[in-house]
Amino acid sequence: MNTVASLSLMPHLLIKPSFTCFSRKGVGRYGGIKVYAVLREDGAEFAKNNNLEALFHVDDPGPRVPIKKGKFLDVNEALEVVRFDIQYCDWRARQDLLTIMVLHNKVVEVLNPLAREFKSIGTLRKELDELQEELEKAHNQVHLSEARVSSALDKLAHMETLVNDRLLPDGASSTSTAESTSVVPSTSSTTHVRTKKQPRRSLNVSGPVKPYNPSLRNFWYPVAFSSDLKDDTMVPIDCFEEQWVIFRGKDGRPGCVQNTCAHRACPLHLGSVNEGRIQCPYHGWEYSTDGKCEKMPSTKMLNVRIQSLPCFEQEGMVWIWPGDDPPKATIPSLLPPSGFTVHAEIVMELPVEHGLLLDNLLDLAHAPFTHTSTFAKGWSVPSLVKFLTPASGLQGYWDPYPIDMEFRPPCMVLSTIGISKPGKLEGKSTQQCSTHLHQLHVCLPSSRNKTRLLYRMSLDFAPWLKHIPFMHLLWSHFAEKVLNEDLRLVLGQQERMINGANVWNWPVSYDKLGIRYRLWRDAVERGSDRLPFSNQAESGS
Ligand code: FES
Ligand SMILES: [Fe+2]
């Protein structure tokens, strides 16, 4: 009997991958199935009429997903099927281990001179030989079970990769002509995995950085920490290749004006702030926070104004709206959850395009290879790293690390790291850890090869650390060290990207969040009415 099921992906996508399942009798508690990836709109019909090779086998699809003839499953149900299969394999492995333990006890019993009844040496030897044989079989069974669990995990990872691949826009195929074989390692002799050649989809992020699309400007952008903006200080910032300067007006509120004097284009931030006005260092013209020139020494006063941007202060940060659209009414909150104390606020100007930096910050899988002198020193390399997130989300958590992460449009990364022991992060979820570190990274697009990074670090323990003299210097030193480990790599990527290499040529399962950021950004820059992951994406603006 053949049972057919097909899985389709989210309806709003152009490509709907389908996975067709046929039942296989007599395997597993609920009957085994074979899973096929059918990357067509008419997946089920196609599957019925064609002789397909299985992508992989699922021994036990579980009771939650009824598989019957003609039944179509969505992609989440398909993942559920594979997850249940992993639980089943795990259960089988436990049974095998139990068998070994029972056999070991029997051996101990046979050999124990106090417990055993009198038996001849010959009988004892025979019993031991039999037990030995059973033990050997049980050991083999355990190895088989290990391989099955490992294979089931591979299935899950592969299925996620397939889903991720389908999430990539069809038209964004790599210019590279490379084709890949399906990356499904098979560790079980009972699993026949089809390695079918198929064109691999990737994003194309290559070549010189294009001018910023105006639609990317229509967001609130945090540009400075309030603590860095005293009554008489000026903070020059570049944003979308334009130069601005922030200072406080007479009322103490921040303002953002162009950092170029109307008279003869002198940089204003080299001047000073007098009574809430920024004074040009060249001939002393003074501007208020709305850009109006209010003083023009040694000449007749003219009606002159420089450009200014909407500028607000909220929760310890100064925000600007660089877009042409009217500013959105709300500015998002970037504060850590209650119970955290801010310990460090650091600003760095970095010579890389902000998208490349975001790609880097949204990736944790690189840590045990890149951060070997800092926070990931001594970390082992997990056999599988995944970012788990709802299909519609820009936030989730890293498996096997106790780290939650979120991309917050337009350019923020929030992460909460569970700390159990220094240097030992693996194996616990964020919630299970008793202490946490919260990080905010803002990657302001200064120019096409420059990012202004705002970093805020908070802890939910040891608030007294904040009062230790020079502690902030230590945090800065550590943050810079971590960042430098990344920077040399990202700079290398940038150089190659400008020369034509695609920095997203071969995305894999742990690249999910980075890919979603790129999809979101592509949609913004294309001027899409509806942004992907829009249940969250709009929260940043
Ligand atoms: S250039 Fe600024 S006052 Fe002359
Ligand atoms: Fe890093």
Problem - Filter result (surrounded by fewer than 19 Cβ atoms within 10 Å (Cβ to Cβ) and touching a helix residue (DSSP H, G or I) at 6+ places or on another chain (Cβ under 9 Å)) within region 360-376 - result: His366, Thr370, His371, Thr372, Ser373, Thr374, Phe375
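Report whether or not Arg452 is within 19 Å of Met412 (Cβ to Cβ) and either without any contact (Cβ under 8 Å) to a residue 12 or more places away in the chain or surrounded by 14 or more Cβ atoms within 10 Å (Cβ to Cβ) (or both). Let's see the steps before the verdict.
On the way: within 19 Å of Met412 (Cβ to Cβ): yes; either without any contact (Cβ under 8 Å) to a residue 12 or more places away in the chain or surrounded by 14 or more Cβ atoms within 10 Å (Cβ to Cβ) (or both): yes.
When the stated conditions are applied, Arg452 passes them.
Test Thr289 against the stated conditions and say whether it is at pLDDT 95 or above, of a type in the set (Val, Ile, Thr), in a loop (DSSP other than H, G, I, E, B) and away from ligand 1 (no atom under 16 Å from the Cβ). It would help to see each step written out before you state the result.
Numbers: at pLDDT 95 or above: yes; of a type in the set (Val, Ile, Thr): yes; in a loop (DSSP other than H, G, I, E, B): yes; away from ligand 1 (no atom under 16 Å from the Cβ): yes.
Judged against the criteria, Thr289 is a match.
Every residue, every condition in (1) farther than 14 Å from Tyr455 by Cα; (2) at pLDDT below 80; (3) in the same structural domain as Thr341 (by TED's automatic domain parsing), yes or no:
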| site | (1), (2), (3) |
| --- | --- |
| Gln395 | yes, no, yes |
| Asp399 | yes, no, yes |
| Pro409 | yes, no, yes |
| Ser415 | no, no, yes |
| Leu425 | yes, yes, yes |
| Thr430 | yes, yes, yes |
| His438 | no, no, yes |
| His441 | no, no, yes |
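Would you be able to say whether some residue in region 239-249 is away from ligand 2 (no atom under 16 Å from the Cβ), of a type in the set (Lys, Arg) and not in a loop (DSSP other than H, G, I, E, B)?
Keep residues of region 239-249 that are away from ligand 2 (no atom under 16 Å from the Cβ), which gives 239-249.
Of the ones still in play, those that are also of a type in the set (Lys, Arg) are 248.
Still in the list and also not in a loop (DSSP other than H, G, I, E, B): 248.
Within region 239-249 (the criterion being away from ligand 2 (no atom under 16 Å from the Cβ), of a type in the set (Lys, Arg) and not in a loop (DSSP other than H, G, I, E, B)), the answer is yes, since at least one residue qualifies.
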Completion exercise
Asp359 fails exactly one of (1) in contact with a Pro (Cβ under 8 Å, 6 or more places away or on another chain); (2) of a type outside the set (Lys, Arg); (3) closer than 26 Å to Glu495 by Cβ; (4) within 13 Å of ligand 2 (Cβ to nearest atom), namely (1)
Handout entry: Hey, Leu357 at pLDDT 90 or above, part of a helix (DSSP H, G or I), buried (at least 17 other Cβ atoms within 10 Å of the Cβ) and not polar (S, T, N, Q) or not
Key = yes
Practice task
Of the numbered conditions (1) within 16 Å of ligand 2 (Cβ to nearest atom); (2) assigned to a loop (DSSP other than H, G, I, E, B); (3) in contact with a Lys or Arg (Cβ under 8 Å, 6 or more places away or on another chain), Leu364 fails exactly one; give the number of that condition.
Solution key: (3)
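Rundown of residues vs (1) more than 16 Å from ligand 2 (Cβ to nearest atom); (2) acidic (Asp, Glu); (3) modelled with pLDDT under 95, yes/no style:
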residue	(1), (2), (3)
Ala462	yes, no, yes
His472	yes, no, yes
Glu480	no, yes, yes
Glu485	no, yes, no
Val503	no, no, no
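Taking region 234-257, which residues are surrounded by fewer than 18 Cβ atoms within 10 Å (Cβ to Cβ) and either on the phi < 0 side of the Ramachandran plot or out of contact with any Lys or Arg (no Cβ under 8 Å at 6 or more places or on another chain) (or both)? So that I can check it myself, show each step before the final result.
Of the residues in region 234-257, the ones surrounded by fewer than 18 Cβ atoms within 10 Å (Cβ to Cβ) are 236, 241-243, 250-253.
Pro236, Glu242, Gln243, Lys250, Asp251, Gly252, Arg253, listed by residue number.
Kindly establish whether Pro322 is in a loop (DSSP other than H, G, I, E, B), touching a Phe, Trp or Tyr at 6+ places or on another chain (Cβ under 8 Å) and either away from ligand 1 (no atom under 16 Å from the Cβ) or over 21 Å from Lys230 (Cα atoms) (or both).
Values: in a loop (DSSP other than H, G, I, E, B): yes; touching a Phe, Trp or Tyr at 6+ places or on another chain (Cβ under 8 Å): yes; either away from ligand 1 (no atom under 16 Å from the Cβ) or over 21 Å from Lys230 (Cα atoms) (or both): yes.
So Pro322 fits the description; yes.
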Exercise for the section: Identify, by number, the condition in (1) closer than 23 Å to Leu357 by Cβ; (2) surrounded by fewer than 19 Cβ atoms within 10 Å (Cβ to Cβ) that Ser392 doesn't meet. Expected result: (1)
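Can you name every residue in region 248-260 that is within 17 Å of Leu309 (Cβ to Cβ) and either within 8 Å of ligand 1 (Cβ to nearest atom) or of a type outside the set (A, V, I, L, M, F, W, C) (or both)?
Pass one, region 248-260, residues within 17 Å of Leu309 (Cβ to Cβ): 248-249, 253-260.
Result: Arg248, Gly249, Arg253, Pro254, Gly255, Gln258, Asn259, Thr260.
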Fill in the blank from the handout: Filtering region 377-389 down to residues that are surrounded by fewer than 17 Cβ atoms within 10 Å (Cβ to Cβ) and among the hydrophobic types (A, V, I, L, M, F, W, C) yields Val381, Leu384, Leu388
Practice task
List every residue pair whose Cβ atoms sit under 8 Å apart, with the two residues 6 or more apart in sequence or on different chains, where the first one lies in region 272-294 and is more than 13 Å from Gly252 (Cα to Cα) and the second, anywhere, is of a type in the set (Asp, Glu) and in a loop (DSSP other than H, G, I, E, B).
Solution key: Ser272/Asp232
Completion exercise
From the option list Gly378, Gly418, single residue qualifying as part of a loop (DSSP other than H, G, I, E, B) and over 14 Å from the mean Cα position of the chain (by Cα) is Gly378
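With respect to Pro390, determine if the residue is in a loop (DSSP other than H, G, I, E, B) and touching a Phe, Trp or Tyr at 6+ places or on another chain (Cβ under 8 Å).
Numbers: in a loop (DSSP other than H, G, I, E, B): yes; touching a Phe, Trp or Tyr at 6+ places or on another chain (Cβ under 8 Å): no.
No; evaluated as a whole, the condition is false for this residue.
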Fill in the blank from the handout: Log entry, pairs with first residue in region 355-383 being touching a residue at least 12 places away in the same chain (Cβ under 8 Å), second being part of a loop (DSSP other than H, G, I, E, B) and of a type in the set (A, V, I, L, M, F, W, C), beta carbons closer than 6 Å, six or more apart or on different chains, reads Ala365/Val385; Ala367/Ala376; Pro368/Ala376; Pro368/Trp379; Pro368/Val381
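Only one of Ile498, Ile417 is surrounded by fewer than 16 Cβ atoms within 10 Å (Cβ to Cβ) and over 21 Å from Asp228 (Cα atoms). Can you tell me which?
On the way: Ile417 fails: surrounded by fewer than 16 Cβ atoms within 10 Å (Cβ to Cβ).
It is Ile498.
Name the residues in region 261-286 that are charged (D, E, K, R) and within 10 Å of ligand 1 (Cβ to nearest atom), would you? Quick ask: steps written out before the conclusion?
First, pick out the residues of region 261-286 that are charged (D, E, K, R): 264, 275, 277, 286.
Once the filter is applied, which keeps residues that are charged (D, E, K, R) and within 10 Å of ligand 1 (Cβ to nearest atom), region 261-286 yields Arg264, Glu286.
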Completion exercise
Counting only residues that are within 44 Å of the chain's Cα centre (by Cα) and at negative phi, region 263-278 contains a total of 10
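The values are calculated or read from the model by the stated rules, or taken from the named source; none is laboratory data. Since the model is a prediction, treat every value here as computed from it, not as a measurement. A quick note on method: Cβ atoms are made from the backbone with ideal geometry, for glycine too, and the neighbour counts reach across all protein chains shown.
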